[in-house]
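Notes to accompany the following structure.
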Amino acid sequence: MISPNTPIPNAAALKAWRAELVETRKRTRGRVLVCATGCRALGALDVSKAFRDKLASAGLSQEIDVVETGCHGLCARAPLVLIEPQDFLYGPVAPADVDEIIEVTLRGGKPVTRLCGKADGQTTAVLREEPFYRAQKRDVYRLCGRVDPKRIEDAVAYGTYETLAKVLTSRTPEQVISEVTASGLRGRGGAGFPTGRKWALCRDVAGDRKYVICNADEGDPGAFMDRALLEGVPHQILEGMLMAGYAIGATNGVVYVRAEYPIAVEHAKIAVEQARAHGLLGRNILGSKFSFEIDIRMGAGAFICGEETALIASLEGRRGMPRPRPPFPAQRGLLGCPTTINNVETLANVPLILRDGAAAFSAVGTAGSKGTKVFALAGKVRNTGLVEVPLGATLRQIVFDIGGGIPGDRPFKAAQMGGPSGGCVPAQYLDLPIDYDSVKQLGAIMGSGGLVVMDSSTCMVDIARFFTDFVHKESCGKCVPCRVGTKQMLDILVRITKGEGRMEDLEKIVSLGEMIRASSLCGLGQTAANPSLSTVRHFRDEYEAHIRDHRCPAGVCRALLKYTILADACTGCHACAKKCPVAAIVGKAKKPHEIIQAKCIKCGACREACKFDAVRLE
């Protein structure tokens with residue numbers, strides 16, 4: 001057995017270690033896998049402790065392993081617990097549920113049905129039976145929720161680093177690049193640039209020192225795919241970085257992760273230390289001539305630092321601002337050296353491609369978009385969480401088959417794709433295959449994979465205002481089209497939501513958006529107008545209602561709302577008056593009340609308090 005600080009001398013020793021670890025695991029008859037990353041905020045660590053304490057008291061701690069894992073994906077039912085080998089999925093689980101799980105499942109082998117999911121009126125105890133998982137294809141995300149991210153032994157037992165060993169002993173860098181190119185892998189961080197081509201460009205540039213940067217500066221509101229991968233399978237990401245380094249001829253790598261991801265930072269640091277201790281980082285890795293080191297660097301949380309040249313500036317200690325290209329980072333990147341930058345999910349795909357081959361990878365997806373994509377499914381949908389599907393899956397499959405549809409069975413209205421600089425895809429495109437090219441035709445982008453579902457209660461003008469406000473605040477201010485253009489667009493949108501818009505504002509939004517897109521320096525500015533342009537394109541009637549009728553159809557924009565009390569329905573119970581924060585409701589007991597419009601702040605508290613449906617929204 002390899003001890004904690006013993007370097008692994010070669011590929012054969014790694015393979016032998018894996019075999020020993022697999023045999024060791026057979027000594028236990030089950031595992032309790034507790035999501036301890038995203039579920040931590042809802043008490044997962046207390047659940048994990050309860051299992052350890054109670055299993056010890058029951059004399060079962062030598063038979064059952066309790067493992068704190070990464071995200072299982074189904075965040076709507078957090079905290080989640082997966083029981084192996086039955087693969088019973090429970091959630092939400094509280095410490096008070098642990099005794100029953102031990103007695104019924106770990107002793108009796110049966111599911112605790114009250115903690116299981118439901119589908120078509122039936123209990124779905126086993127993970128693969130859950131509609132949320134049944135329609136997915138979990139490749140990149142396969143080990144997330146199955147391994148302890150803080151133990152390299154778990155990663156190695158599942159085969160991590162074994163593909164690296166094969167690459168170092170049997171393939172040239174050119175063969176690696178050729179395989180990745182043939183796979184059709186495109187960058188999962190937003191632009192969708194072919195990964196093999198990016199690597200080839202960097203390898204062809206002469207330089208004594210080259211860098212691989214893992215971009216974990218995930219800043220899209222509602223997106224947490226990269227965070228979950230780095231938290232849950234950090235060694236898979238390191239293996240991808242090592243392969244990228246070998247392919248382009250780099251000797252150094254950097255994981256650039258935002259400081260707001262403390263668990264991801266912690267797990268990445270632990271993984272780097274463990275890999276270094278076992279000789280998987282450093283000089284002559286696995287007895288080869290390849291040497292590679294990785295550092296962890298934290299970003300301060302600027303959205304613009306997701307852009308490659310701004311990220312490099314931040315790493316160099318300068319203000320995170322993009323620069324004109326060329327030269328591209330592959331030509332002159334970090335510290336003036338050739339650099340390749342890939343996001344977390346892109347690098348997580350690399351070991352799979354080199355393990356199974358380009359043909360297997362490219363067999364999944366569409367003609368121009370190969371493989372799977374992880375989406376962060378959020379918003380007005382029952383089953384929020386992380387979803388991995390083949391590229392080419394439809395919105396209907398993701399939102400309804402996997403996501404379970406809209407709460408309250410409200411009509412699906414749109415999905416915001418690609419983060420704050422993405423676009424809104426309306427209901428008529430529910431059956432459109434999602435890939436890099438088809439989404440772009442609708443005025444959206446794939447982005448890193450954020451997918452926010454909206455129903456009939458969502459105001460599309462307000463959504464455009466919200467995302468435009470975000471990109472305006474996150475603009476670095478270097479170029480005028482982005483700095484000034486987004487402010488002008490935001491002013492127009494705010495004016496419309498207040499009922500002060502003019503019909504000519506719609507054409508101004510379009511012309512201004514096209515100017516910002518065409519003349520901004522970097523990707524943030526070039527896509528900043530997408531929310532506005534896509535909503536004007538697909539939801540023009542809502543804009544016209546705000547402008548022409550001074551009405552918000554969704555009842556969201558406060559300035560356009562008016563609450564009134566129906567005299568015939570009001571019983572004078574005072575419930576609405578007691579809830580009004582500004583004393584805008586007057587009336588005597590048991591007599592119809594009235595709202596003083598000049599004082600009303602349109603918060604809706606009166607409507608929520610009324611039990612007689614006497615308060616109406618006009």
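The values are calculated or read from the model by the stated rules, or taken from the named source; none is laboratory data. Remember, predicted model here, so these are calculated numbers, not experimental data. Counting neighbours? That spans all protein chains shown, and the Cβs are built from the backbone with ideal geometry, glycine included.
Does GLY447 fit the bill of being within 22 Å of GLY301 (Cα to Cα), at pLDDT below 95, in the same structural domain as GLN428 (by TED's automatic domain parsing) and not in a helix (DSSP H, G or I)?
yes
Pull out all pairs, ordered by first then second residue, where Cβ-Cβ is under 7 Å, the residues are six or more apart or on different chains, the first lies in the stretch 312-331 and is small (Gly, Ala, Ser), and the second is assigned to a loop (DSSP other than H, G, I, E, B).
Short answer, once both residue conditions are applied: ALA313/ARG319; ALA313/GLY320; ALA313/MET321; SER314/GLY320; GLY320/ALA302; GLY320/CYS476; ALA330/VAL205; ALA330/PRO338.
May I ask you to verify whether GLY121 is of a type in the set (Gly, Ala, Ser), over 26 Å from LEU55 (Cβ atoms) and not assigned by TED's automatic domain parsing to the domain that holds HIS235?
yes
Does the stretch 174-185 contain at least one residue that is buried (at least 17 other Cβ atoms within 10 Å of the Cβ), within 30 Å of ALA302 (Cα to Cα), touching a residue at least 40 places away in the same chain (Cβ under 8 Å) and of a type outside the set (Lys, Arg)?
There is at least one residue in the stretch 174-185 that is buried (at least 17 other Cβ atoms within 10 Å of the Cβ), within 30 Å of ALA302 (Cα to Cα), touching a residue at least 40 places away in the same chain (Cβ under 8 Å) and of a type outside the set (Lys, Arg).
Which residue is surrounded by the fewest Cβ atoms within 10 Å (Cβ to Cβ), if the candidates are limited to the stretch 92-146 and must be charged (D, E, K, R) and in contact with a helix residue (DSSP H, G or I) (Cβ under 7 Å, 6 or more places away or on another chain)?
ARG128
Inspect the stretch 547-560 for any residue being farther than 30 Å from ARG502 by Cβ, crowded, with 20+ Cβ neighbours inside 10 Å and aliphatic (A, V, I, L, M) and give the result as yes or no.
no
Which residues, counting only those in the stretch 240-278, are more than 18 Å from ASP208 (Cα to Cα), of a type in the set (Val, Ile, Thr) and surrounded by fewer than 24 Cβ atoms within 10 Å (Cβ to Cβ)?
ILE263, VAL265, ILE270, VAL272
Exactly one of (1) outside any loop (DSSP other than H, G, I, E, B); (2) in contact (Cβ under 8 Å) with a residue 60 or more places away in the chain is unmet by SER457. Its number?
Of everything listed in (1) outside any loop (DSSP other than H, G, I, E, B); (2) in contact (Cβ under 8 Å) with a residue 60 or more places away in the chain, SER457 misses just condition (1).
What do you reckon, is GLU174 at negative phi, assigned by TED's automatic domain parsing to the domain that holds GLY249, touching a helix residue (DSSP H, G or I) at 6+ places or on another chain (Cβ under 7 Å) and modelled with pLDDT of 95 or more?
Against the criterion (at negative phi, assigned by TED's automatic domain parsing to the domain that holds GLY249, touching a helix residue (DSSP H, G or I) at 6+ places or on another chain (Cβ under 7 Å) and modelled with pLDDT of 95 or more), GLU174 does not qualify.
So for the stretch 509-517 (the condition being in a loop (DSSP other than H, G, I, E, B) and surrounded by 24 or more Cβ atoms within 10 Å (Cβ to Cβ)), does at least one residue qualify?
No, there is no match, as no residue in the stretch 509-517 is in a loop (DSSP other than H, G, I, E, B) and surrounded by 24 or more Cβ atoms within 10 Å (Cβ to Cβ).
Mind counting the residues in the stretch 109-146 that are more than 25 Å from ALA157 (Cβ to Cβ) and hydroxyl-bearing (Ser, Thr, Tyr)?
Summing the residues that are more than 25 Å from ALA157 (Cβ to Cβ) and hydroxyl-bearing (Ser, Thr, Tyr) in the stretch 109-146 gives 3.
From (1) outside any helix (DSSP H, G or I); (2) charged (D, E, K, R); (3) within 24 Å of the chain's Cα centre (by Cα), pick out the condition that doesn't hold for ARG323.
Among (1) outside any helix (DSSP H, G or I); (2) charged (D, E, K, R); (3) within 24 Å of the chain's Cα centre (by Cα), the lone unmet condition for ARG323 is (3).
Which pairs have Cβ atoms under 8 Å, sit 6 or more apart or on different chains, and link a residue in the stretch 61-79 that is over 24 Å from GLN236 (Cα atoms) to one that is basic (Lys, Arg) and assigned to a loop (DSSP other than H, G, I, E, B)?
Pairs found: GLU63/ARG29; ILE64/ARG29; ALA76/ARG382.
Table: residues versus (1) in contact with a helix residue (DSSP H, G or I) (Cβ under 6 Å, 6 or more places away or on another chain); (2) within 24 Å of ARG551 (Cα to Cα); (3) without any contact (Cβ under 8 Å) to a residue 60 or more places away in the chain; (4) of a type outside the set (Val, Ile, Thr).
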site	(1), (2), (3), (4)
ASP401	no, no, no, yes
PHE412	yes, yes, yes, yes
ASP431	yes, no, yes, yes
ASP435	no, no, no, yes
ALA464	yes, yes, no, yes
THR468	yes, yes, no, no
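Please count how many residues of the stretch 508-562 are within 26 Å of the chain's Cα centre (by Cα) and among the charged types (D, E, K, R).
The qualifying residues number 1.
Go over the candidates ASP53, ASP97, ASP87 one by one and state the one that is at positive phi and either in the same structural domain as ALA378 (by TED's automatic domain parsing) or not small (Gly, Ala, Ser) (or both).
Matching residue, one of ASP53, ASP97, ASP87: ASP87.
Only residues in the stretch 253-278 that are modelled with pLDDT of 95 or more count as the first member; pair them with residues that are charged (D, E, K, R) and outside any helix (DSSP H, G or I), Cβ under 6 angstrom, at least 6 apart or cross-chain, and list the lot.
From residues that are modelled with pLDDT of 95 or more, the pairs are VAL254/ASP295; VAL254/ARG297; TYR256/ASP217; TYR256/ARG297; ILE270/LYS150.
Would you check if there is a residue in the stretch 337-346 being among the aliphatic types (A, V, I, L, M), surrounded by fewer than 24 Cβ atoms within 10 Å (Cβ to Cβ) and either modelled with pLDDT under 95 or in contact with an Asp or Glu (Cβ under 6 Å, 6 or more places away or on another chain) (or both)? First the steps, then the outcome.
First, the residues of the stretch 337-346 that are among the aliphatic types (A, V, I, L, M): 341, 344.
Going one step further and asking which of them are surrounded by fewer than 24 Cβ atoms within 10 Å (Cβ to Cβ), we end up with none.
Checking the stretch 337-346: not a single residue is among the aliphatic types (A, V, I, L, M), surrounded by fewer than 24 Cβ atoms within 10 Å (Cβ to Cβ) and either modelled with pLDDT under 95 or in contact with an Asp or Glu (Cβ under 6 Å, 6 or more places away or on another chain) (or both).
In the stretch 215-226, which residues are out of contact with any Ser or Thr (no Cβ under 8 Å at 6 or more places or on another chain) and under 23 Å from GLU153 (Cα atoms)? Spell out how you get there, then give the answer.
From the stretch 215-226, those out of contact with any Ser or Thr (no Cβ under 8 Å at 6 or more places or on another chain) are 215-217, 219, 221-222, 224; that's our starting set.
Correct list: empty.
When you look at GLY485, is it surrounded by 18 or more Cβ atoms within 10 Å (Cβ to Cβ) and under 17 Å from the mean Cα position of the chain (by Cα), yes or no?
no
List every residue pair whose Cβ atoms lie under 8 Å apart, where the two residues are 6 or more positions apart in sequence or sit on different chains, the first residue falls within the stretch 359-379 and is crowded, with 20+ Cβ neighbours inside 10 Å, and the second residue, located anywhere, is hydroxyl-bearing (Ser, Thr, Tyr) and in a strand (DSSP E or B).
Within 8 Å, the pairs are GLY365/THR372.
Provide a single number: the residues in the stretch 147-173 that are in contact (Cβ under 8 Å) with a residue 24 or more places away in the chain, among the hydroxyl-bearing types (Ser, Thr, Tyr) and crowded, with 17+ Cβ neighbours inside 10 Å.
Qualifying residue count for the region: 3.
Restricted to the stretch 193-222, and to residues that are within 16 Å of the chain's Cα centre (by Cα) and surrounded by fewer than 24 Cβ atoms within 10 Å (Cβ to Cβ), which residue is modelled with the highest pLDDT?
Here the residue is GLY219.
Among (1) of a type in the set (Gly, Ala, Ser); (2) more than 30 Å from PRO327 (Cβ to Cβ); (3) out of contact with any Asp or Glu (no Cβ under 9 Å at 6 or more places or on another chain), which single condition is SER520 missing?
Unmet for SER520, out of (1) of a type in the set (Gly, Ala, Ser); (2) more than 30 Å from PRO327 (Cβ to Cβ); (3) out of contact with any Asp or Glu (no Cβ under 9 Å at 6 or more places or on another chain): (2).
Would you pick out the residues in the stretch 269-328 that are in contact with an Asp or Glu (Cβ under 6 Å, 6 or more places away or on another chain) and not hydrophobic (A, V, I, L, M, F, W, C)?
GLY299, GLY301, GLY306, PRO322
Spot the failing condition for ARG203; the list is (1) of a type in the set (Lys, Arg); (2) under 16 Å from ASN342 (Cβ atoms); (3) touching a Ser or Thr at 6+ places or on another chain (Cβ under 8 Å), and only one is missed.
For ARG203, the failing item is (3).
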